[in-house]
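Let me begin by presenting the structure, written as structure tokens, before commenting on it.
The values are calculated or read from the model by the stated rules, or taken from the named source; none is laboratory data. All of these numbers come straight from a predicted model, not from anything done at the bench. Heads up, the Cβs are rebuilt from the backbone with ideal geometry, glycines too, and the neighbour counts pull from every protein chain shown. Surface accessibility is based on the protein's heavy atoms, side chains included, excluding ligands, DNA and RNA. Shrake-Rupley method; radii C 1.70, N 1.55, O 1.52, S 1.80 Å.
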Amino acid sequence: MIMKRYALLLLFAFASLQLLCFAADDDVVFYDSFEESFDGRWIVSDKDYYKGVWKHSKSEGHDDYGLLVSEMAKKYAIVKELDEAVNLKDGTTVLQFETRLQGGLECGGAYLKYLRPQDAGWKPREFDNESPYSIMFGPDKCGATNKVHFILKHKNPKSGEYIEHHLKYPPSVPSDKLTHVYTAILKPDNEVSILIDGEEKKKASFLSAEDFEPPLIPSKTIPDPDDKKPEDWDERAKIPDPDAVKPEDWDEDAPMEIEDEEAVKPEGWLDDEPEEIDDPEATKPEDWDDEEDGEWEAPKIENPKCEIAPGCGEWKRPMKRNPAYKGKWSPPLIDNPSYKGIWKPQEIPNPNYFELEKPDFDPIAAIGIEIWTMQDGILFDNILIAKNDKVAESYRETTWKPKFEVEKEKQKAEDEAADSARLAGFQRKVFDVLYKVADIPFLSKYKHQILDLIEHAETQPNLTIGVLVSIVVIILTIFFKVIFGGKKQPRVEKKPDVTETSNGEGSSGEKAEEAEKEEAAAAPRRRRRDN
């Protein structure tokens, strides 16, 4: 009985899994992984100004293929017609694709255009920037532009004109060279969500004037174009007081600055010395021709006598602010009794107003890439149109995330290596400076101590800061001794008399000699600059 229950549960689970797989397959409207060449499936524009060459290429560091922008400073155009147009009015629609800016992106686009059905007779090879689209979506960066576009081309039901509605405050483009996946989810409740790498960066309502510019639904009222401002309309909030009178002691001609009468010429001022003199070391060039080049004059240099004196040349009293200065008089401002406010035309009903319960999306009949870029190395991959955001999520997990994790780890290792190289270069410069410090004459008494610290730090670079502090302490100690204490007499220890012993240890002189030999033997092993 228990075995039968398990069998039934397994059968039910298998059947559920099959249903999910079929549902997932049904939810995928279009998908291209570019594992096979795009030739014959995607059509390159024949228009003369699209000179950029598309290539079927592996993503750098992966075995995964994509559609590559291979040349810089070119225009590119390529299009893929769908087997069946995608209806955007029913249910959820997900637009998703990957891009990798292998050379970075300084100026160029990496967005897709989802084309609406074209006019009769249109051919894919005629695809260009004039080919009408329903949605434009993807990264674009150049100059002040740095955003992930989402543009809806919507037909005005009153005028029949197609108008571009731009998403306000779109997210910015990731600035690295990693693979990123861009997702736009169009929901049946009139919302759109923009995701980068699976994280929602922007949520907006198609029908909100706060989210799209211009709004899909126009304002109910507009300023009356025929309304004119009355001639007597006064927009001045403040006016000069007509009753104000200039004070009798107001001197408009008083200068802003006057000479400081209390100033006294500094003692030692050299009145007869010019600030600049002829360079005494300058000589007239041998090829100088007085007739053609004019009379030769030596270049000027600063007068060395002026460097040690308070100043040279004619002394003049400095200027100071004039306490009597008031400038031009003007009457104070008062509230304008005739003020009516800032005039604006009256509002009238907007003749082009209409109500809208849902956007009137045009279907997607083709996917096009039409860009101009200064960069090469832009790779497009895993272009997906689905009717279920869970399907799009599963594609991100299986196609994008493994690549991204590998690239992120590689980038992290490269950044750490670059940081280590910069730190090593900095430490090398620090050690070079420290060796020069050790050679300063007044530190000669402490030279070996400083060298020991430097050598210790070279074997353990993390001690560099500590060594710097130690050496600074040594220098400051010596400095304060010289300034405040003079030279301190070295302490003299009385040495005991040593006589020859029967055990053959030797005299103190022999021990000293042996110590000198040991020190001399150890010296070459040190990385010192004793010269």
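Annotations
- In the stretch 98-152, the qualifying residues are those that are aromatic (Phe, Trp, Tyr) and at pLDDT 90 or above, and the one that is most open to solvent (accessible area, probe 1.4 Å) is 111.
- Residue check for residue 391: touching a His at 6+ places or on another chain (Cβ under 9 Å), part of a helix (DSSP H, G or I) and more than 30 Å from residue 459 (Cβ to Cβ): no
- Restricting the stretch 345-358 to residues that are assigned to a loop (DSSP other than H, G, I, E, B) and surrounded by 10 or more Cβ atoms within 10 Å (Cβ to Cβ) leaves a set whose member that is modelled with the lowest pLDDT is 352.
- Count of the stretch 373-391 residues which are more than 30 Å from residue 157 (Cβ to Cβ) and either touching a Cys at 6+ places or on another chain (Cβ under 9 Å) or of a type in the set (Val, Ile, Thr) (or both): 6
- Inspection of the stretch 71-90 identifies no residue that is open to solvent by less than 10 Å² (accessible area, probe 1.4 Å) and charged (D, E, K, R).
- Single unsatisfied condition, residue 332 versus (1) under 30 Å from residue 243 (Cα atoms); (2) open to solvent by less than 70 Å² (accessible area, probe 1.4 Å): (2)
- Boolean, residue 40 is open to solvent by 10 Å² or more (accessible area, probe 1.4 Å) and either of a type in the set (Phe, Trp, Tyr) or modelled with pLDDT under 90 (or both): yes
- Among the residues of the stretch 153-186, those that are under 17 Å from residue 108 (Cα atoms) and surrounded by fewer than 15 Cβ atoms within 10 Å (Cβ to Cβ) comprise 172, 175, 176.
- Flag for residue 372 being in contact with a His (Cβ under 9 Å, 6 or more places away or on another chain), closer than 30 Å to residue 38 by Cβ and among the hydrophobic types (A, V, I, L, M, F, W, C): no
- Of the residues 301, 239, 277, 258, the single one that is farther than 30 Å from residue 314 by Cα, open to solvent by less than 100 Å² (accessible area, probe 1.4 Å) and not in a loop (DSSP other than H, G, I, E, B) is 239.
- Boolean, residue 363 is within 30 Å of residue 216 (Cβ to Cβ) and not assigned by the TED database to the domain that holds residue 165: no
- Selection from the stretch 447-468 of residues that are at pLDDT below 75 and either open to solvent by 50 Å² or more (accessible area, probe 1.4 Å) or within 18 Å of residue 422 (Cα to Cα) (or both): 456, 457, 458, 459, 460, 461, 462, 463, 464, 465, 468
- For the stretch 213-233, taking the residues that are assigned to a loop (DSSP other than H, G, I, E, B) and charged (D, E, K, R), the one that is least open to solvent (accessible area, probe 1.4 Å) is identified as 224.
- Test: residue 391 is modelled with pLDDT of 85 or more, of a type in the set (A, V, I, L, M) and open to solvent by 80 Å² or more (accessible area, probe 1.4 Å): no
- Test: residue in the stretch 434-446 that is of a type in the set (Phe, Trp, Tyr), under 30 Å from residue 47 (Cβ atoms) and open to solvent by 80 Å² or more (accessible area, probe 1.4 Å): no
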